[in-house]
């Protein structure tokens, strides 16, 4: 297989995504490819075969991360790496994760055929698990590469069927001492190409988004307590209605988030009412609050303000309110030099682009802790992701792949 | 057994309620006595035995309504009737329903012993089923007496175990052609004594509440549709958040209800969010709206106003909203002459009272369609009902029983 021409580079990615979508094709629609399942392993093996046919050296590490490598002329020095993941959510789309892997394979193959052996070694990686859809744990692959996790962990991390992460990894043929340790300290730069998973690029008719930072996230559970009472016999002024109080808080949260402005987002995604009966005034309501921003201080100040407002709302209504935090992830800024390179490339190629936050988490946020890291987005039709309805057109996919290829060229061929 | 003195009248009711609570005593607390179960039948039979010992003629009708009768001197003419029900909700309290039956038994026994045979016939009834806790149907007993139901119905009305109402009735020994038909056209007046099930009497330190009308009820399901989207990647201005919209509607409903004022009450008791995941903006929310008032027009005008406001809220937010009605019960005004008699009696006895709506439904609303009907409330501690924590003190129970007794005396002894 060859792909020396630009048109071949463009057609390769949709074709490989189409082929990959056969592994784990879900009768409900879309693709379900969970970590360490047969479908996931077959997809990794298929990718390995493709990489090999395109002239790359191929290896898996101990946890199952798959690498395609083009050895550089400068020897065993730092590696320029790109890639993403091919695990999916339940009934997910064709593009989330898989695009970044397919585009990385295409870019390396194209560079090798066009320019021959790179100076710096180039690698494309298909990371094992980003979504956390099978096990209650995310970023297992990139976390093992960057030191967040150790491959020995996960003996007490179970899937819905009660199988541990360790057991599933071993059943897949990984986790053996003789396999290559996943921890890396040789990465010169990491670049991840991904679909946006939001509506911004499409609405602004842009080709690519250069990620400024991956947002930090705080997640909380807010519990509002009142008194469950008869809906007919309790006059309005004598009520301590937990749902009416929660509703006032949700409206206040939204108002404050709009006031604070982009890139802050705040979401109440899950809400539970007790006893949840049409003719009983709710005695208790719990809801989640998810707050994200690229600036940690902005998240903290926002949360402090709204939780104070929640207390005031509760006080006025004779309710009590408790707030419990259950997740805190720091923002991950992307490398300034790599971002500048991407801007220049987009300008040179006349691709309309913007600089934007990533509101979703990605493997790149772990890599950004150990090496200069960049992230590039292409549009998601309708902003939809994690759904069989995910779609990015072949032209849009090609624009991202071309930019990725150009950046990898600069990093691996032009730099000493 | 005798109860000629007032102190005996006062002590009889708590004692009978205590005895009744043994039938269906629930290990979770309180009493579970569902229609046509062994516990319910044994309680009815125990009551029948008590009535007999107190000198009443006792009979069951075809559906299992139990009557204790004091034949009047004026022959087979109209009957003055009192009573309530002894079926309960799951893990219900000692007082809801049972109090009105026990007080009726006490009042008839007291009147007979004090004044001898009445002029008009007096009956106390223990109605079979008010709550609708076993079968998806309420007021089976009073509905059969007043023509809402026919005793042949209920063959396709099933409990959770798949047993039909007809089958359960027959298994209990009822439903036979030779048994007395339940339909009545001989009732001169009906009086129901009941716990308030709300906080008003206790908060205002009143002994009794004279019911002006049983409220009408409309119930609706409101569905708000938006777009489920990623909580991180969808900027605030691009969201169509169904939960934020529903929250604004719930706050608006409450505001409008407070503005409209008593006796209107409006409640959102049940709410369901989809997909109900912390990191996904809710795409759809359904919630119930329960609106009650003693004036049908007031209910209609209120609903029209708030549903128009819901449409406006939806419009501003790019959401759609649908409203579906699934219950409509007309208000049941209580008889003016009987209410006046109750007011005079309370004044004569120096019992602090108020005139108030019944926010809950009762058997009396069915009887009010066929004869002059009155309802009397005693305080519920903390406004609590349908719970093992239901409580009304012996003194409060006695005040109600004494007033009931005085009204029955006027209607059955003083009237020709």
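Here are some notes:
- Evaluation of residue A:339 against (1) within 28 Å of residue B:232 (Cβ to Cβ); (2) touching a helix residue (DSSP H, G or I) at 6+ places or on another chain (Cβ under 9 Å); (3) outside the structural domain of residue A:226 (by TED's automatic domain parsing) (one fails), failing number: (2)
- Residues that are over 20 Å from residue A:98 (Cβ atoms) and surrounded by fewer than 21 Cβ atoms within 10 Å (Cβ to Cβ) within segment A:185-205 comprise A:185, A:186, A:187, A:188, A:203, A:204, A:205, listed in sequence order.
- Filtered by the rule that a residue be more than 30 Å from residue B:198 (Cβ to Cβ) and more than 7 Å from chain A (Cβ to nearest Cβ), segment B:242-264 gives B:242, B:245.
Conditions (1) facing another protein chain (nearest Cβ under 9 Å); (2) crowded, with 22+ Cβ neighbours inside 10 Å; (3) in a loop (DSSP other than H, G, I, E, B), marked per residue:
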{"residue": "A:234", "(1), (2), (3)": "yes, yes, yes"}
{"residue": "A:292", "(1), (2), (3)": "yes, yes, no"}
{"residue": "A:298", "(1), (2), (3)": "no, no, no"}
{"residue": "A:311", "(1), (2), (3)": "no, no, no"}
{"residue": "A:328", "(1), (2), (3)": "no, no, no"}
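- Qualifying positions in segment B:362-375 - in contact with a strand residue (DSSP E or B) (Cβ under 7 Å, 6 or more places away or on another chain) and surrounded by fewer than 22 Cβ atoms within 10 Å (Cβ to Cβ): B:370, B:371, B:372
- Matching entry among A:267, A:273 (being in contact with a helix residue (DSSP H, G or I) (Cβ under 9 Å, 6 or more places away or on another chain), within 11 Å of another protein chain (Cβ to nearest Cβ), crowded, with 20+ Cβ neighbours inside 10 Å and more than 13 Å from residue B:236 (Cβ to Cβ)): A:273
- Looking at A:208, A:191, A:224, just one residue is over 30 Å from residue A:385 (Cα atoms) and more than 10 Å from every other protein chain (Cβ to nearest Cβ), and that residue is A:224.
- For segment B:330-359, filtered to residues that are in a strand (DSSP E or B) and within 14 Å of chain A (Cβ to nearest Cβ), the residue that is surrounded by the most Cβ atoms within 10 Å (Cβ to Cβ) is B:358.
- Selection of segment B:276-288 for residues being at the interface with chain A (Cβ under 8 Å from one of its Cβ atoms) and in a strand (DSSP E or B) yields B:280, B:281, B:288.
- Residue in segment A:63-79 that is in the same structural domain as residue A:126 (by TED's automatic domain parsing) and assigned to a helix (DSSP H, G or I) present: no
- For segment A:240-263, the set of residues classified as surrounded by fewer than 24 Cβ atoms within 10 Å (Cβ to Cβ) and in a loop (DSSP other than H, G, I, E, B) consists of A:240, A:261, A:262, A:263, listed by residue number.
- Across segment B:360-373, the qualifying residues are those that are in a loop (DSSP other than H, G, I, E, B) and closer than 21 Å to residue B:262 by Cβ, and the one among them that is nearest to the other protein chains (Cβ to nearest Cβ) is B:360.
- Residue A:197 within 14 Å of chain B (Cβ to nearest Cβ), in a loop (DSSP other than H, G, I, E, B) and either closer than 28 Å to residue A:410 by Cα or out of contact with any helix residue (DSSP H, G or I) (no Cβ under 9 Å at 6 or more places or on another chain) (or both): yes
- Tally, over segment B:374-406, of residues that are part of a strand (DSSP E or B) and farther than 18 Å from residue A:232 by Cβ: 1
- Residue in segment A:17-24 that is more than 20 Å from residue A:407 (Cα to Cα) and touching a strand residue (DSSP E or B) at 6+ places or on another chain (Cβ under 7 Å) present: yes
- If the condition is being in contact (Cβ under 8 Å) with a residue 24 or more places away in the chain, more than 30 Å from residue A:288 (Cα to Cα) and within 25 Å of the chain's Cα centre (by Cα), then segment A:303-349 contributes A:335, A:337, A:338, A:339, A:341, A:342, A:343, A:345, A:346.
The values are calculated or read from the model by the stated rules, or taken from the named source; none is laboratory data. Every value quoted in this text rests on a predicted model; they were computed, and no experiment measured them. Backbone-built Cβ (ideal geometry, glycine too); neighbour counts: all protein chains shown.
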